[in-house]
């Protein structure tokens, strides 16, 4: 099969092999959402990245992380710019009250989504708040690699996270009513236990904070914790009400927070707009990511060249692309982006390059995890159209050992792909 930018699709697992892979994904790894309606979430093949291209993506992601964290710290010192980010009012009000220095108490985890384009690799966005893909990038990749002895995994994000969280106990805060969130907490609890660290899955309102740290209270029992891993969207925190200590997710003495709720400042698709107001030099972002504007700054005659995204959208929800999204969705997105422009971002559109797979042409994404500043592995997905959303399939990313491949290329500055 043709190789695009050092990325290709590996051979598909045969019928019995795939059934065994799927069984192990569910019962050994705890992936409880292998099906979405009549659609399999699990691809039968891996994405294969050459070793040299993987090194390029790692360096790029680490460079992006340095600039992103610096910009986030500077934004915390400029509360007058928070209105540019499309944050909920209660959330923004709390950010203005916190001590910025207390927000760096724990490990930071970000996932940068890269895609092959005609001009080279491009990063569509940073998932800074609650990046997902731990089961897929760690456990499923290891199982897939067993079927491809010439390939190897590109890392273990779950293992790197467990090491970064320290000696524990660790509260694994998640939205307990969602199986796709609960499975992540359960998986990480098992990985922590394997490392000799106690993980305590809980809801955000199970946490209690005091001057000495934090504890989890469930069913009349309490367990002190030394770290809090949050897999609960930060913009949902104010909805917990006064009875929950949601404000302590921003900054808390005596306990390590991963990630602090202030990560939402960088999660916003409008963050680059605020960075411009700060006058920051962000050479890595200018190299690897597409231009972002306020929707009001897009000339009417150029609307088809821009993608509309909700500022705090997730999983590709309401990402609107002319010729890809339905006409009804495009009309809705354009109306809402005019009515509430600060809740939306316009991202310059550019052309995705598909790869040939056993299922036909598919558009891949390689989500590089950066944990405490170091690349730690990748979450791979493929889609039948140039938009990564709930329809995409999970395809483990494996690395080819040979370095005899095409030289790395970077998409032109301010280029990029319209994905979630």
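Here is how the numbers come out for the structure above:
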{"item": "Nitroxide proxy distance, nm - points 7 Å out along Cα→Cβ at residue 372 and residue 322", "result": "4.7 nm"}
{"item": "Separation of the residue 224 and residue 90 label points, Cα + 7 Å toward Cβ, nm", "result": "3.1 nm"}
{"item": "Ascending count of other beta-carbon atoms within 10 Å, so fewest first, for 218, 321", "result": "218, 321"}
{"item": "Cα gyration tensor, segment 291-348 - rounded (a/c under 1.5), prolate or oblate", "result": "rounded"}
{"item": "Three-way shape label, segment 310-388, alpha-carbon gyration tensor, a/c 1.5", "result": "oblate"}
{"item": "Calculated FRET efficiency for the pair residue 236/residue 20, C-beta based, R₀ 45 Å, to 0.05", "result": "0.75"}
{"item": "Contact order relative to length of segment 291-348, as percent, for alpha carbon pairs under 8 angstrom and 6 or more apart", "result": "53 percent"}
{"item": "Residue order, fewest to most surrounding Cβ atoms within 10 angstrom, among 148, 115, 39", "result": "39, 148, 115"}
{"item": "Centre separation in Å (Cα based) which lies between segment 102-134 and segment 153-204", "result": "19 Å"}
{"item": "Highest to lowest packing among 343-349, 284-290, scored as the average C-beta count within 10 Å", "result": "343-349, 284-290"}
{"item": "Relative contact order (%) - criterion: Cα under 8 Å, at least six apart; region: the chain", "result": "28 percent"}
{"item": "Label-point separation in nm, residue 338 to residue 142, each point 7 Å along Cα→Cβ", "result": "5.3 nm"}
{"item": "Gyration tensor verdict on segment 8-69 (Cα atoms; rounded if a/c is under 1.5, prolate if a/b is larger than b/c, oblate otherwise)", "result": "prolate"}
{"item": "Net length gained if the chain between residue 298 and residue 73 were fully extended (0.36 nm per residue, minus Cα distance)", "result": "78.1 nm"}
{"item": "Pairwise centroid distance, computed over Cα atoms, of segment 218-288 with segment 310-379, Å", "result": "22 Å"}
{"item": "Ranked list, fewest to most other Cβ atoms within 10 Å of each Cβ, for 351, 368, 184", "result": "351, 184, 368"}
{"item": "DSSP bridge pairs, segment 70-219: antiparallel proportion in percent, nearest 5", "result": "75 percent"}
{"item": "Extension gain from residue 329 to residue 36, taking 0.36 nm per residue of separation minus the Cα-Cα distance", "result": "103.4 nm"}
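All of the numbers you see were taken from the coordinates with simple rules; none came from a lab. What you see is a predicted model; the values in this text were computed from it and never measured. As a convention, Cβ positions derive from the backbone with ideal geometry for all residues, glycine included, and neighbour counts pool all protein chains shown.
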